[in-house]
Each structure stands twice: as structure tokens, then as C-alpha cells.
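Just so it is clear, none of the values below were taken in a lab; they were calculated from the coordinates. Keep in mind that what you see is a predicted model, and the values were worked out from it rather than measured. Glycine gets a Cβ as well: all are built from the backbone with ideal geometry, and neighbour counts include every protein chain shown.
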Amino acid sequence: MVENFEAAQSSDQRTEIDIIFKGLTILIVDDDKNHLSLISYFFCRYGINVMLADNASLAFKLIQQHAVDLLISDIAMPGKDGYWLIQKIRSLPLSPIREIPAIALSGVSFEECYEKALASGFQTYIQKPSNPKDLMKEVAKLLYLPVKIVKGF
């Protein structure tokens, strides 16, 4: 499954955050289609281009074919998991792709996954279900962008 979403907002609906994030592309990987839809909807509201993959193998292909600014990947997926994906990306020789900022997501407790996620190559870990505002803050931190979330979201 591959989907590309772009936010469709009129210019009078644009906010400061839309401008900050406009043009960024995030690849989200999760075998839970409901979670993919929720996160992609949230990011699209802020003008972020979202690419979706429902498995690690597809995500690895996409990240080699498209310019992606940030990766958000579930850890536990059938077949190849998020650890496999990030290790595969980090082991690419002489490729700028190997430096992509990455966030690990999992329903497993923070204590169980945090250290392994960082050791595998992710910059941070967020436990699911994730608060979209917290996820947006982590994205902004990893991309060195100012963090300001609109009230009411």
C-alpha cells in the first residue's frame, strides 16, 4: 500500500505552522491502517506531504526512490519490523538517505523499546497510541524547526 497525501487548504486557512512545515515529506510506516490514516490526516493538516507504507520492505524501497525528510516507523510489524528497516537504512553505503531523522513508534512500553530503538538507529521513541501534538513536537525537534502547536487540535 502506497499513498501520497497533500493538504488541501485555502490560503485563508493557512497558519504559521503550515508555512513552517510546507514542503516537508514524511514517510510513515505502520501495518495498522487506522493509525496510518490518523497520523497522515494530522500531518496533512499542517501542509506536510505524507507517504505511507504498510510494511518495512515497501518503506525501504520508497525511501530509496523519493526524497524524504523524516521517517516515522512502527516497530512491531509482521515480517520485517521497524528495527530491520532503520538498520537497513543506516547501513546504506555513501548515501545521504542513511542520515534521515527517524522516530520509532510502538505499543510496547517505553522502558522495553526506548533503548533498543535508539541503539538500532532511531533518534527517538514514542509509545502508541501517540498524541498527535507530541508527535508533531518530536518532528519539529528532529528537523530543527520551531515548535508551536495551534490550540484546539
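One table, with the values for the structure above:
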item	result
Over 24 Å between alpha carbons, listed pairs Lys80/Lys116; Lys22/Lys133; Lys88/Lys133	Lys88/Lys133
Chain lengthening between Tyr41 and Ser57 when straightened (0.36 nm per residue, less Cα-Cα)	3.4 nm
Partners for Lys33 among lysines (Cα-Cα distance below 16 Å; same-chain residues under 8 apart left out)	Lys128
Distant-in-sequence amide H partners of Leu24 (H built 1.01 Å from N, under 5 Å)	Asn49
Calculated FRET value between Leu94 and Lys141, using beta carbons and R₀ = 22 Å, to 0.05	0.20
Segment Gln65-Phe110, length gained on full extension (0.36 nm per residue, minus Cα span)	13.0 nm
Computed Rg/Rh of the range 2-142, alpha carbon atoms with Kirkwood Rh	0.95
